[in-house]
1. Helix hunt in the chain: which complete DSSP H runs extend at least 18 Å axially by C-alpha with mean Kyte-Doolittle at least -1.0?
2. As a footprinting exposure proxy, order 116, 52 by other Cβ within 10 Å, with the fewest listed first.
3. Which one of 189, 108, 171 has the biggest mean-square fluctuation once the chain is modelled by GNM with Cα springs under 10 Å?
4. Here are some values of volume of the Cα convex hull per residue in Å³: (1) 123; (2) 107; (3) 146. Which one was computed from this structure?
5. Name the residue, out of 134, 176, 20, whose mean-square fluctuation peaks in a Gaussian network model built on the chain with Cα pairs under 10 Å.
6. Residue by residue, what Karplus-based ³J(HN,Hα) values in Hz, rounded to whole numbers, does the range 138-143 have, using 6.51, -1.76 and 1.60 with θ = phi - 60° and x for Gly and Pro?
7. In the range 22-89, if the dipole is taken from +1 on Lys/Arg beta carbons and -1 on Asp/Glu beta carbons about the Cα centre, which of 59, 37, 70 is farthest to the positive end?
8. So, with +1 on the Cβ of K and R and -1 on the Cβ of D and E, and no other charges, what is the size of the charge dipole of the chain about its Cα centre, to the nearest 20 debye?
Amino acid sequence: MRNDANGPAFVFDLDGTLVDSVYQHVLAWREALEAAGIALDVWRIHRRIGMSGGLLVNALVRETGRAVSAVDVETVQRVHTEAYARLAPAVRPLNGARELLAYLREMGATWAIATSGRLENARHTVAALGVGPDVPLITREDVTHAKPDPDLFFAAAERLGVPVTACVVVGDSVWDLLAARRARALGVGVLSGGYGRDELERAGAYRVYQDPADLLRHLDEVGLRALD
């Protein structure tokens, strides 16, 4: 995408950043874990949302102290995908998300979406945003390691044709911001995924906003302005 605006390129996380889907994922993961005989309170699951599916399962299983096989992990991920597909019709764009993306298009800004989720899940939420095929979408299948590794953001920068250090990464979880820090990109947090301001700032957020609408009102604070 071209960049006619004066300012950085943007890389957006998806779930909890642009679409209100975090709790659907939490419930889908709970169902998937229970199918494997692993019972966990939903708050524990929520704390891991934003990581890659494999890391999330391994981290949650570690808390239970039980061993699981690679087959178990694969089964949990498959059931999560099936459960999320049933819940996905209830997913809606977050407040101001459509308007934020429309403004970036109007400004000629460069931006992409990078999610630890798989393409099969991301399709539902990207469709809710009305994002077209011209917008780079980087998913778990495109990289060796997902968040908190920085691979997704390196891949997004490459697709956009800009250095990753010229990118502003917008995310709702500590895993987004840790990955942004490791990529040496500027991290910006939003509270719409359920993490607190202090947590996001400790993970490396330069600024923290309520939601996409709040970010839209303060884009000048992260370096975007119209051409003079």
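1. For the chain, where a helix must reach 18 Å along its axis and average at least -1.0, the hits are 22-35, 70-87.
2. Sorted ascending by nearby Cβ count, the order is 52, 116.
3. 108
4. (2)
5. Comparing 134, 176, 20 in the GNM, the peak value goes to 134.
6. These are the phi-based 3J(HN,Hα) values: 10, 10, 4, 5, 8, 9 Hz.
7. The one lying farthest along the dipole's positive direction is 59.
8. 260
All of the numbers you see were taken from the coordinates with simple rules; none came from a lab. Note that the structure is a prediction, hence the values are computed from the model and not measured. Neighbour counts run over all protein chains shown; Cβ positions are idealised from the backbone, glycine included.
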